[in-house]
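Note sheet for the following structure.
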């Protein structure tokens, strides 16, 4: 989160965040958006980037509140005008592309690179944030001109065993638990079953609580977690 905020606030141009499915990329992007004040940032979020180039540009303009049709050149001019308008208003323009590994048309990556050409001598007029699964890294690295423009890059790793324990404790306390509901052995079982992927931790732990409730367990042990893991498959 600090890297994302720094990249946006310092107008670094391009940022890339990657991670396995379920590691929290989308959650991070939505949290980032909540941290960006609307009076200072004009933000476009592309949640599904599997468009052709013209539709991709049209979606960016739509997300920025610009109603523009016509040729690709018309849309590029409209985007440039919006960037300059935001500059004059003291606002920064941010483009977030989620699930960027789903981009199949290489022309869109080229278009994203060209969008970074909107800049003054001392600053970029657009900050680009690419979010995606690990294969996004190799796709971007194959496009040298785009890869060289990405100043900040970070790969989200799954939790280790200690982090799973801290995460489960935090979530239980946030829900109002006043005692340890999961035994230490259960937390280890959750880590092993989830491989440390937060989304899987959520699913397995939630099912384990339900099973533990139905079986009237005072604490959730590893056997209950194993049952939850089987049900989650």
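In region 135-165, which residue that is under 22 Å from the mean Cα position of the chain (by Cα) and farther than 30 Å from residue 116 by Cα is surrounded by the fewest Cβ atoms within 10 Å (Cβ to Cβ)? The selected residue is 160. Just one of the listed residues (108, 129) is part of a strand (DSSP E or B) and buried (at least 17 other Cβ atoms within 10 Å of the Cβ), and it is 129. Just one of the listed residues (5, 87) is in contact (Cβ under 8 Å) with a residue 12 or more places away in the chain, within 16 Å of the chain's Cα centre (by Cα), more than 26 Å from residue 138 (Cβ to Cβ) and surrounded by fewer than 17 Cβ atoms within 10 Å (Cβ to Cβ), and it is 5.
Residues in region 170-215 that are more than 30 Å from residue 18 (Cα to Cα), over 29 Å from the mean Cα position of the chain (by Cα) and assigned to a helix (DSSP H, G or I): 7 in all.
The condition of being within 22 Å of residue 104 (Cβ to Cβ), in contact with a helix residue (DSSP H, G or I) (Cβ under 7 Å, 6 or more places away or on another chain) and modelled with pLDDT of 90 or more holds for only one of 153, 149, that being 149.
The values are calculated or read from the model by the stated rules, or taken from the named source; none is laboratory data. All of these numbers come straight from a predicted model, not from anything done at the bench. Methodologically, a virtual Cβ is constructed for each residue, glycine included, from the backbone with ideal geometry; neighbour enumeration extends over all protein chains shown.
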